[in-house]
1. By how many nm would the segment from residue 121 to residue 71 lengthen if fully extended, with 0.36 nm per residue of separation less the alpha-carbon distance?
2. Can you give the local net charge around residue 143? Use residues other than it whose beta-carbon is closer than 13 angstrom to its beta-carbon, Lys and Arg +1, Asp and Glu -1.
3. Could you calculate the contour length gain from residue 198 to residue 139, that is, 0.36 nm times the residue separation minus the distance between their Cα atoms, to one decimal place in nm?
4. Apply the Karplus curve 6.51 cos²θ - 1.76 cosθ + 1.60, θ = phi - 60°, to the phi angles in region 49-59 and return the couplings in whole Hz, x for Gly and Pro.
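Values in this text are rule-based calculations from the coordinates and carry no lab data. For clarity, every value in this text was computed on a predicted model and none was experimentally measured. With ideal geometry, Cβ positions are generated from the backbone for all residues, glycine too; neighbour counts draw on all protein chains shown.
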Amino acid sequence: MFFYIERLVEYGKREVEVQSQLQISFRHMEHSDAIETKIRERAKKLDKFYDLIMSCRVVVEPAHKHKHKGNLYQVSIDVTVPGKELVVTREPDEHHAHEDVYVSIRDAFDAMRRQLEDYSRIQRGKVKTHEVPPHGRVSRLMPEENRGIISTPEGREVYFYRNSVANAKFTDLAIGDEVRFSEEQDEEGSHATAVFLK
């Protein structure tokens, strides 16, 4: 839970709650209670997306030297979670929506929320690792039939046609060459629709 509560058991199993740190800084501008209150509200909501936040630092400052009547605001958020530091810096965009400091705060916290959701999914193992594309070695070449066979590490045999070789010529292939491929099933079994020489 954000402002995540560490419970320290003391005498008589008394629990002492220790809030994690939320640091809010205003640079090159006056401190504002209203802005600080809004930041605290948004920070509390972050725990819905990842409940082991250890610290959160927020910096609000006017953007540097913009040729525009109003002040544009930049909001930076630095969140520490176990094993990682997540950082968001929201600079004003060209349509000046960030003249409103509250819009800048909202956008920065929305970006941090997305990072926390992504990190949480990774931690839970829900992000699939990229699968290794099918690969193997050329085990037979039959130029007279305009095809060859690939043997995979799993012991399968996948045939391919001359015109399936994508990044080389069929005549460039030699027995033992390592290749990766994409495949389809047909009446003869698996065949490679595209073969790439490694």
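1. Residue separation times 0.36 nm, minus the Cα-Cα distance, leaves 14.3 nm.
2. On the way: positive: 140, 147, 162, 169; negative: 144, 145, 172.
Around residue 143, the charge tally is +1.
3. Result: 19.7 nm gained on full extension.
4. 9, 7, 9, 10, 5, 9, 7, 9, 10, 10, 10
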